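Colleague: My questions will all concern the structure given below.
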Amino acid sequence: MLLVFGALRTDIAFMFTAPLLGVFAFVYSPLMAALIAEAAGRELAGSATGLTNALWQLGSAIVPLAVGAVYDAANSFYAAFITLAVGPLLGTIAMLLVREPRRNM
């Protein structure tokens, strides 16, 4: 969605696509928080959730610096959006490497 949004050129396209960008950017957060707490177990749920929030906040501090540096170097909004899209791509790759043990229900 970031790559689509970065390629838009008209005001109307921005107005219709911006809400979708917001949904795609934040819809996963509550589910991710619940899954992290569940995966950590009852004893470590609070610590795992706190660590996750700390990493998210760290990302919120680092991303503007990285995107600003890319925009400054390339003078391109699309390059900035590509930089933003790299984070979720790396997260997706990392999640593909996670293997949970099977649970008997």
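No lab work stands behind these numbers, since they all come straight from the coordinates. Quantities reported herein were computed from a predicted structural model and do not represent experimental measurements. Virtual Cβ from ideal backbone geometry, glycine too; neighbours counted across all protein chains shown.
Colleague: Relative to the present Cα-Cα distance, how much length would full extension add between Met32 and Ser60 at 0.36 nm per residue of separation?
Modeller: Numbers: separation 28, 0.36 × 28 = 10.08 nm, distance 1.67 nm.
Stretched fully, the Met32-Ser60 segment lengthens by 8.4 nm.
Colleague: Let me ask another. Expressed in nm to one decimal, what extension gain is obtained for the pair Asn53 and Ser76 from 0.36 nm per residue of sequence separation less their Cα-Cα distance?
Modeller: Numbers: separation 23, 0.36 × 23 = 8.28 nm, distance 3.06 nm.
Full-extension gain reported as 5.2 nm.
Colleague: Which Cα, out of Leu51, Val98, Ser76, lies furthest along the positive dipole direction of the chain (beta carbon charges, K/R +1, D/E -1)?
Modeller: Val98
Colleague: Further question: Working from Cα positions, state the angle (0 to 90°, nearest 10) between the long axis of helix 77-96 and the longest principal axis of the chain.
Modeller: 20 degrees
Colleague: For the chain, what is the Kirkwood estimate of the hydrodynamic radius, computed as the reciprocal of the mean inverse distance between distinct Cα atoms, to one decimal in Å? Write down the numbers at each step before the final one.
Modeller: Values: mean 1/r = 0.0621 Å⁻¹.
Across the chain, the inverse of the average 1/r is 16.1 Å.
Colleague: Still on this structure, please answer the following. Let me check against my output: what whole-number percent is the relative contact order of the stretch 2-96, with C-alpha pairs under 8 Å and at least 6 apart?
Modeller: On the way: 45 pairs, mean separation 30.7, N = 95.
In percent, rounded to a whole number, it is 32.
Colleague: Charges at C-beta only: +1 for Lys and Arg, -1 for Asp and Glu. How large is the resulting dipole of the chain about its Cα centre, in Debye rounded to 20? Present the calculation step by step, with values, prior to reporting the outcome.
Modeller: Numbers: 5 positive and 5 negative charges, 61 e Å.
Dipole about the Cα centre, nearest 20: 300 debye.
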